[in-house]
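Notes follow the structure.
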Amino acid sequence: MTKAVNSPTVAHDGERSHAEIMVVMGALMLAMLLSALDQTIVSTALPKIAVDLHGLNKYSWVATSYLLTSAIVTPIFGKLGDLFGRKKLFQLSIVLFLIGSALCGLSQNMDQLVFFRALQGIGGGGLMSLVLAIVGDVIAPRQRGKYQGFFGAVFGVASIIGPLLGGFFAATNSVFGIAGWRWIFYINIPLGLLALAVVATRLHLPVFRRQHKIDYTGALLMTVSVVSLILVSVWAGVTYPWASVQISGLIASAVIFGTAFVFWERRASEPIIPMQLFKNDIFRSSVMLSLLTGIAMFATILYIPQYQQVVRGYSPTKSGLLMIPLMVGMMGASIVSGRLISKFGRYKPFPIFGTLMLALGMWLFSHVSLTTSQTELSVWMVILGMGLGAFMQVTTLAVQNSVKRSELGTATSSTTFFRSIGSSLGGAVFGTVLISRLTHHLQQALPAATGHGLTAAGITANGTSQLQHVAPLIRQDILQAYVHSFHDMFLIGIPFALAAFVVALTLREAPLRTSTHSLPSAASDDVVSHSPIEV
């Protein structure tokens, strides 16, 4: 047992008031919105950006570079926050994000944009990782449910308004004499500066003085494994066939370096993701739920708008607006579940309910047709949103409630990291399923489709732009083939939701702590072997 050292007086001896929490929450939500929004706002503007910068051949790398760096740094920032304190790292993340945003807006070619997006991703990954850990510092687990709905709302809003804003700025030739698409990045600057000011003046967090040794080897092994996995999700079935040497090599790299990372972390003195965390059954269940959640979110949020664009012929802006029912369901379920968790002190029922609703929503969408009414689609989206909203934030709450304070950032960022990995796997799995099944259904319904210059990948990527010159009868057959492929994709998604349901049943429910300073009963005494100084 390690004895505690004397701690200097801190600025906050007790819990924060609701007013104090809401000021800090505003800055945290703004920072999270910046990170979440930047993953969606660029997508609808990419064609315009690629044309203006003469870089259509590097089109996909604008999104991929951000995804790569943000995923890699998520667990690293979580660990560094535990070692050095979170406030200064959080401020650094905001600054990096803003510098990256400004440089992206100034980019003169695609190479510059790809590089600056990678820099922006470093800041964005830090924001996403540290926001949730800071919430654990500021709000006691028993009271956290009251506020978690706000973060569910942030994700929902980002998924809807991102494509809308991206489409709007892309369609606007000039704003104040500057190309419209550049404002996709410039809009971050005033919002980020506001968040930075509030964090600097109103966020007071303890800084722990600890002896530390940064795990550079672990970071390198994890980076190579994650990069390989994400490149598989981006390239497999699109740039290269799944059976190609390139994809097989990347899969082998992800497995080999991932395995090496696990073995190294078991021996490292300051591991990025301590393997002993997996001895905690709540952490294990929550990480698996986060992984499966990432996979399910990718299927719903990405491919439902694609259905609206390809089958209904709607613009990206309109298809984004039609996702509002999903956002309403997600926000409503997140807020209600959070309130109930705070009132009754129980969190396990919500992932059980949420995963069942998610499976139901996927089953409903597996019955979509060419003539399904928009009202039916909206109801189905509400059900999907309720499923996601009911348990998205519960995994973070359960993990933070079950670990030592000295591991709060590491454990929190790990759940976020595995959700990002799930999103990458979901992209690879569902994208491949959609294209392969569309190829199959096209060959059955229209053997001569390739004679019209039509491919499954082309239809999926370009939607109505590739179909507008096709004869009406042929177009009808193609759209029917797409709908059948959509059925198949969602049917394959149902087992993932049911697997999440089974994991939710195994999630152990521990009493929610009533203070940010108290420790879970399983925590060892060495958590107090360092001195907190609130800054």
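The values are calculated or read from the model by the stated rules, or taken from the named source; none is laboratory data. Every value quoted in this text rests on a predicted model; they were computed, and no experiment measured them. Cβ coordinates were reconstructed from backbone atoms using ideal geometry, including for glycine residues, and neighbour counts include every protein chain displayed.
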Being farther than 30 Å from Phe486 by Cα, in the same structural domain as Met362 (by TED's automatic domain parsing) and surrounded by fewer than 16 Cβ atoms within 10 Å (Cβ to Cβ) is the requirement here; does Phe278 meet it?
yes
Among the residues in the range 487-496, are any at pLDDT 60 or above, within 18 Å of Leu370 (Cα to Cα) and buried (at least 19 other Cβ atoms within 10 Å of the Cβ)?
yes
Quick check on Phe90: is it in the same structural domain as Met25 (by TED's automatic domain parsing) and touching a helix residue (DSSP H, G or I) at 6+ places or on another chain (Cβ under 6 Å)?
yes
In the range 139-183, what residues are in contact with a Pro (Cβ under 8 Å, 6 or more places away or on another chain) and surrounded by fewer than 22 Cβ atoms within 10 Å (Cβ to Cβ)?
Gly167
Anything in the range 215-246 that is farther than 17 Å from Val429 by Cβ, out of contact with any Leu (no Cβ under 8 Å at 6 or more places or on another chain) and of a type in the set (Val, Ile, Thr)? List them, or say none.
Thr217, Thr223, Val224, Val245
Does at least one position in the range 220-230 carry a residue that is of a type outside the set (Phe, Trp, Tyr) and either surrounded by fewer than 17 Cβ atoms within 10 Å (Cβ to Cβ) or in contact with a His (Cβ under 8 Å, 6 or more places away or on another chain) (or both)?
yes
From the list Ser319, Ser286, which one is among the small types (Gly, Ala, Ser) and either touching a strand residue (DSSP E or B) at 6+ places or on another chain (Cβ under 8 Å) or under 27 Å from Gly409 (Cβ atoms) (or both)?
Ser286
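Mind listing whichever residues of the range 93-112 are in contact with a helix residue (DSSP H, G or I) (Cβ under 6 Å, 6 or more places away or on another chain) and more than 17 Å from Leu37 (Cβ to Cβ)? It would help to see each step written out before you state the result.
The initial filter retains those residues of the range 93-112 that are in contact with a helix residue (DSSP H, G or I) (Cβ under 6 Å, 6 or more places away or on another chain), namely 93-94, 96-98, 100-101, 103-105, 107, 110.
Of everything in the range 93-112, those that are in contact with a helix residue (DSSP H, G or I) (Cβ under 6 Å, 6 or more places away or on another chain) and more than 17 Å from Leu37 (Cβ to Cβ) turn out to be Leu103, Ser107, Met110.
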Only one of (1) more than 20 Å from the chain's Cα centre (by Cα); (2) in contact (Cβ under 8 Å) with a residue 60 or more places away in the chain; (3) over 30 Å from Phe90 (Cα atoms) is not met by Phe353, so which one is it?
(2)
If Ser319 satisfies every condition in (1) more than 23 Å from the chain's Cα centre (by Cα); (2) buried (at least 17 other Cβ atoms within 10 Å of the Cβ) but one, which is the exception?
(1)
Quick one: is Leu191 closer than 17 Å to Ser35 by Cα and at pLDDT 80 or above?
yes
